[in-house]
1. Would you confirm, using the coordinates I've provided, whether residue B:287 is over 17 Å from the mean Cα position of the chain (by Cα), modelled with pLDDT of 95 or more and either within 11 Å of chain A (Cβ to nearest Cβ) or more than 14 Å from residue B:100 (Cα to Cα) (or both)?
2. For residue A:241, only one of the following conditions fails: (1) assigned to a loop (DSSP other than H, G, I, E, B); (2) modelled with pLDDT under 95; (3) more than 30 Å from residue B:63 (Cα to Cα). What is its number?
3. What single numbered condition from (1) modelled with pLDDT of 95 or more; (2) more than 25 Å from residue A:72 (Cβ to Cβ); (3) β-branched (Val, Ile, Thr) fails to hold for residue B:254?
4. Out of the helices (runs of 4 or more DSSP H) lying entirely within segment A:1-100, which hold 2 or more residues that are more than 8 Å from every other protein chain (Cβ to nearest Cβ), closer than 20 Å to residue B:36 by Cβ and not hydrophobic (A, V, I, L, M, F, W, C)?
5. Quick check on residue B:68: is it over 23 Å from residue A:109 (Cβ atoms) and outside the structural domain of residue B:190 (by the TED database)?
6. Across segment B:144-176, what is the number of residues that are in a helix (DSSP H, G or I), more than 12 Å from chain A (Cβ to nearest Cβ) and in contact (Cβ under 8 Å) with a residue 24 or more places away in the chain?
7. Quick check on residue A:114: is it modelled with pLDDT of 95 or more, crowded, with 22+ Cβ neighbours inside 10 Å and in a strand (DSSP E or B)?
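The values are calculated or read from the model by the stated rules, or taken from the named source; none is laboratory data. Quick caveat, the model's predicted, so the values are computed rather than measured. In this analysis, Cβ positions are derived from the backbone assuming ideal geometry, glycine residues included, and neighbour counts consider all displayed protein chains.
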There are 2 protein chains.
Amino acid sequence: MEVELKEMLDDLLSLRQSLSDPSLHASIDKLQSRVDHLTHLAKSVPVRRSKVKDMSSEVVDSNPYSRLMALQRMGIVENYERIREFSVAIVGIGGVGSVAAEMLTRCGIGRLLLYDYDKVELANMNRLFFRPEQVGMTKTDAAVQTLSDINPDVVLESYTLNITTVQGFETFMSSLKNKTFRPTKEGSGVDLVLSCVDNYEARMVVNQACNELNQTWMESGVSEDAVSGHIQLLIPGETACFACAPPLVVASGVDERTLKREGVCAASLPTTMGVVAGLLVQNTLKFLLKFGHVSPYLGYSSLKDFFPTMAMKPNPQCSNVACLERQKEYLLAKPARDAAAKAKMEAEAKVTVADVPLHTDNEWNISVVDDNEPESTPGTSSDALPEGLTHELPIADEVLKSPASGAPDMAIDDLEDLRRQLDALNAN
Amino acid sequence: MEVELKEMLDDLLSLRQSLSDPSLHASIDKLQSRVDHLTHLAKSVPVRRSKVKDMSSEVVDSNPYSRLMALQRMGIVENYERIREFSVAIVGIGGVGSVAAEMLTRCGIGRLLLYDYDKVELANMNRLFFRPEQVGMTKTDAAVQTLSDINPDVVLESYTLNITTVQGFETFMSSLKNKTFRPTKEGSGVDLVLSCVDNYEARMVVNQACNELNQTWMESGVSEDAVSGHIQLLIPGETACFACAPPLVVASGVDERTLKREGVCAASLPTTMGVVAGLLVQNTLKFLLKFGHVSPYLGYSSLKDFFPTMAMKPNPQCSNVACLERQKEYLLAKPARDAAAKAKMEAEAKVTVADVPLHTDNEWNISVVDDNEPESTPGTSSDALPEGLTHELPIADEVLKSPASGAPDMAIDDLEDLRRQLDALNAN
């Protein structure tokens with residue numbers, strides 16, 4: 001629109017020069033000021049917020065980061081501003097991926113890499129994020145438009161491509177490897193990959209890339225009937241990869257593409273997708289900023305508000321070669337990991353010896369009772385059985401106590417176990 | 001901008017009439033066509049989607065309701081289009097309320113009533129929904145702007161007021177009572193009130209209004225440290241009201257306003273607020289469209305991904321007079337409720353007698369085993385004890401069986417219990 005207004009101004013100037021009657025110049029002046037005013041109007045919409053150099057914790061209405069930096073004062077996060085160092089790749093900018101991207105953008109993530117090949121349709125309007133005026137744009141372009149308006153501090157990289165094609169996969173891999181944003185970073189160029197795709201084939205491609213790059217990632221999904229979903233953390237070699245436990249339909253050899261019928265679409269709800277995106281990005285924040293417990297798997301079954309959790313170990317017979325390599329590396333690194341864990345525990349034990357009581361005031365006279373104290377049967381050990389009964393198997397404590405052994409024995413057992421597992425992997 | 005362009009066109013016409021030299025008319029024509037073009041440009045941004053008369057389940061990219069109507073085909077919802085009949089009031093258009101409003105708008109809710117008195121600030125940008133260019137607008141105006149663009153089918157009513165003032169409360173009450181949207185509706189003019197406010201005082205005002213109007217509502221909240229939240233269903237007389245179990249700080253007589261310190265702000269996260277809004281609107285959809293289990297209370301503790309649930313009965317000593325009246329009505333309606341439940345159960349029992357097997361194919365040869373079947377100890381009843389042991393207390397089944405009684409006795413017990421509870425209420 002600004003181009004058109006500039007051309008109009010030029011036309012008015014040449015018209016003025018052609019006018020023989022100077023009394024008409026006032027009319028031209030008036031028209032000129034009208035064009036100036038319109039130019040001003042066109043420029044002032046939309047007002048963009050300016051970039052912010054450092055995240056401030058100052059409590060003023062104009063600070064977009066005050067409520068995030070408050071996480072430090074509340075003792076939840078040690079150093080919130082570290083979020084600016086992190087790069088997150090989001091594959092699939094649909095009902096879950098777009099909301100995840102918006103959440104990370106509003107949290108002030110350093111850099112977002114967005115992958116999708118689809119276009120925005122009116123049929124997407126029952127989920128959050130995209131707006132009707134973006135219909136026809138690619139999802140990546142529409143997302144960059146909205147996200148850069150919301151937070152110009154975030155570095156946005158948009159990849160309009162299909163990762164399941166040969167060319168797409170190559171670009172996907174090289175973009176994940178690129179370390180220009182933080183050259184000193186170890187491993188790949190991103191801290192986490194979030195898979196927000198809607199089909200098995202694309203998930204297997206993300207799985208392949210992450211196994212090859214030894215890249216930690218998180219999976220997400222929503223059921224076809226729109227009322228359940230899940231998120232899952234995948235650390236190559238340490239947890240099950242996506243190929244370690246394939247879905248039943250895949251194990252049965254059915255081609256997923258034959259399942260989708262023309263004219264039939266899956267249901268979706270902004271609620272389920274919003275919850276799944278929220279749980280996914282919450283797990284991402286906990287993982288990146290090191291607070292709380294990062295869930296290995298969290299399900300959401302909305303009909304009964306049931307949230308199952310579980311953990312899955314890698315499958316030593318996994319069909320993915322890169323997964324088997326990562327498993328081998330993970331097993332070999334076990335002694336170093338154990339030593340580091342021991343050192344950390346000892347360091348923490350020293351810190352937790354505090355001199356001051358936890359609560360100095362006790363208005364409600366609350367006292368703490370030991371959970372393990374026997375309640376009302378003095379003189380009876382919890383191991384004792386009523387007369388006439390004996391234990392068929394040794395009780396748990398006895399198993400742990402015998403054979404009379406110390407740390408050295410355990411270490412040898414561990415190593416032998418390790419060799420056995422390695423042999424099993426090499427046999428594949 | 002369209003007004004300015006129209007004025008410019010008028011100026012050009014009068015200039016044309018003042019021109020003595022007809023050779024200059026061509027220049028005016030050119031300027032006119034430029035203004036026409038600009039008018040067209042100004043009108044076409046943004047492209048608004050047109051209203052939709054009926055919700056179609058047709059699977060085409062241009063249908064904004066196809067993925068919602070698919071909930072019927074998937075067997076989740078019986079009649080999705082009923083959503084257009086419902087009115088939902090949202091009090092507090094902040095981090096939770098605004099997202100809840102957007103979700104309901106995208107779901108195609110019939111009518112939304114929005115209440116808030118605050119303005120949009122840059123400090124709100126760490127939560128979803130509001131955009132930097134809306135800074136300075138009232139939250140209600142900004143919300144109506146965004147929501148009407150997203151879905152012009154939703155009837156939006158915006159109330160820029162503080163419900164905790166005398167005038168604000170009066171307008172709040174009369175807006176809830178207004179039945180012009182659906183004159184045949186029983187009770188108040190809205191189907192559900194969602195409380196998304198951030199303080200105790202405002203919650204107590206919503207509680208008061210809903211108790212007076214016998215209006216079912218849902219509460220929501222997010223903790224000051226941003227990492228937990230909850231939703232709660234409140235049915236006057238049937239569940240605890242918000243005054244039935246006041247928070248400890250209120251019971252201790254502390255004025256909440258003295259707790260907020262100058263220059264100190266609570267933390268907030270788009271993730272936690274997005275999850276709470278999603279759970280709140282999911283519960284709303286289940287309540288309105290009658291599917292799944294409507295949770296009476298659902299907590300979200302993000303550090304451990306823990307989701308506690310519970311149910312709270314009303315307090316017969318509640319300090320809220322309207323709550324006590326609703327409790328009395330609820331107890332009096334018990335016989336009618338029991339009869340209706342019994343009739344419903346009998347009707348359902350008739351329907352579930354199906355002639356066809358549930359699964360006709362059984363590719364994996366799965367067979368069903370009775371949970372109650374004794375596993376490997378034939379001849380031993382589960383009540384039997386090892387030799388030498390006796391039951392100290394009667395076992396559960398015996399308690400239920402004795403005294404030898406039928407339905408009539410139970411009914412008399414129930415009525416006496418009912419009278420005792422009524423007496424307790426009248427004593428207040």
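1. Numbers: over 17 Å from the mean Cα position of the chain (by Cα): no; modelled with pLDDT of 95 or more: yes; either within 11 Å of chain A (Cβ to nearest Cβ) or more than 14 Å from residue B:100 (Cα to Cα) (or both): yes.
For residue B:287, the condition - over 17 Å from the mean Cα position of the chain (by Cα), modelled with pLDDT of 95 or more and either within 11 Å of chain A (Cβ to nearest Cβ) or more than 14 Å from residue B:100 (Cα to Cα) (or both) - is not met.
2. Tallying (1) assigned to a loop (DSSP other than H, G, I, E, B); (2) modelled with pLDDT under 95; (3) more than 30 Å from residue B:63 (Cα to Cα), residue A:241 fails exactly one: (2).
3. Of (1) modelled with pLDDT of 95 or more; (2) more than 25 Å from residue A:72 (Cβ to Cβ); (3) β-branched (Val, Ile, Thr), only one is false for residue B:254: (1).
4. Ranges flagged: A:2-18, A:25-44.
5. yes
6. Of the residues in segment B:144-176, 7 are in a helix (DSSP H, G or I), more than 12 Å from chain A (Cβ to nearest Cβ) and in contact (Cβ under 8 Å) with a residue 24 or more places away in the chain.
7. Working: modelled with pLDDT of 95 or more: yes; crowded, with 22+ Cβ neighbours inside 10 Å: yes; in a strand (DSSP E or B): yes.
So residue A:114 passes the test.
Condition check ((1) farther than 24 Å from residue B:276 by Cα; (2) buried (at least 19 other Cβ atoms within 10 Å of the Cβ)) across all residues:
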site: B:142; (1), (2): no, yes
site: B:145; (1), (2): no, no
site: B:151; (1), (2): no, yes
site: B:170; (1), (2): yes, no
site: B:184; (1), (2): yes, no
site: B:201; (1), (2): no, no
site: B:208; (1), (2): no, yes
site: B:212; (1), (2): yes, no
site: B:223; (1), (2): no, no
